[in-house]
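Since every read-out is calculated from the coordinates, none of them should be taken as a lab result. Note that the coordinates shown come from a computational prediction; the quantities given were computed from them, not determined experimentally. Note that each Cβ is placed from the backbone with ideal geometry, even for glycine, and that neighbours are counted across all protein chains shown.
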Amino acid sequence: MNITSDKSDEYLFERYTSTSEKRLLAVLFQRYRLMVYGVCLKYLKDQESARDTTMEIFEKLLRQEHKGEVRQFKVWLYVLTKNQCLMLLRKKSPTMTDLDPEFVESDSIWHPMEKDEDRVREQQLKKCLETLPEGQMQCIKGFFYDKQPYQELARQLQLEVKKIKSHIQNGKRNLKICMERHG
């Protein structure tokens with residue numbers, strides 16, 4: 001049995017950052033590669049991109065590109081992974097394609113395997129959506145749920161594209177406030 005396999009994540013990562021012993025990072029890779037891949041797959045919705053991003057994240061760790069102290073490695077790695085995926089999605093499309101509580105910038109963190117909490121948050125999001133002014137609700141539903149482009153929504157709702165974008169931005173802000181109030 002490997003002597004490092006019984007050590008905590010935080011111990012292994014701290015030792016790795018101070019010694020650059022790759023075998024320490026390899027233990028963390030074995031522990032968390034499936035979690036990182038799962039988060040990448042959830043956000044990127046493509047197996048090849050998820051595999052590539054998983055490797056990129058561990059390569060960043062290998063190059064020690066992180067800053068600051070890591071107190072809870074698993075949570076920190078999850079947030080790092082989520083942020084990497086969101087950054088990639090933003091590069092591909094300046095307008096995100098999925099609406100979920102994390103996208104509306106909620107500060108809470110949940111583990112992707114916690115399906116019950118996911119369902120509760122989704123139900124709360126739907127309740128909050130119903131509290132939006134009609135224009136915001138129609139634009140949010142059309143853009144995020146029905147995947148309609150701005151121009152199509154503008155034509156359908158007989159509004160200018162500028163107004164559609166404004167409704168979406170204000171709707172996201174109001175959803176964030178509602179989710180924080182009820183979250």
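So between ILE177 and ASP6, what do we pick up on full extension, going 0.36 nm a residue minus the alpha carbon distance?
Length gained, ILE177 through ASP6: 57.3 nm.
With 10 angstrom as the radius, rank PHE143, PHE73 by how many other C-beta atoms surround their C-beta, starting from the fewest.
Working: PHE143 24, PHE73 18.
Result, fewest neighbours first: PHE73, PHE143.
List MET35, MET87 from most exposed to least, where exposure is judged by having the fewest other Cβ atoms within 10 Å. If you can, show how the numbers build up before the last one.
Working: MET35 17, MET87 11.
Final ranking by Cβ density, sparse to dense: MET87, MET35.
Take GLU122 and LYS147, extend 7 Å from each Cα along the Cα→Cβ direction, and tell me the distance between the two endpoints in nm.
1.7
Once the piece of chain linking MET87 and GLU56 is laid out straight, how much longer is it, given 0.36 nm per residue of separation minus the C-alpha distance between them?
Values: separation 31, 0.36 × 31 = 11.16 nm, distance 1.29 nm.
Stretched out fully, the MET87 to GLU56 stretch lengthens by 9.9 nm.
Residue by residue through region 133-149, which ³J(HN,Hα) values in whole Hz follow from phi under the Karplus form 6.51 cos²θ - 1.76 cosθ + 1.60 (θ = phi - 60°), with glycine and proline marked x?
Once θ is set to phi - 60°, the couplings for region 133-149 become x, 3, x, 5, 4, 4, 5, 4, 4, x, 6, 8, 8, 8, 6, 7, x Hz.
If amide H atoms are built 1.01 Å from N in the plane of the peptide, which residues on other chains or at least 5 residues away come under 5 Å of the amide H of LYS45?
Counting only residues 5 or more places away or on other chains, the set is empty.
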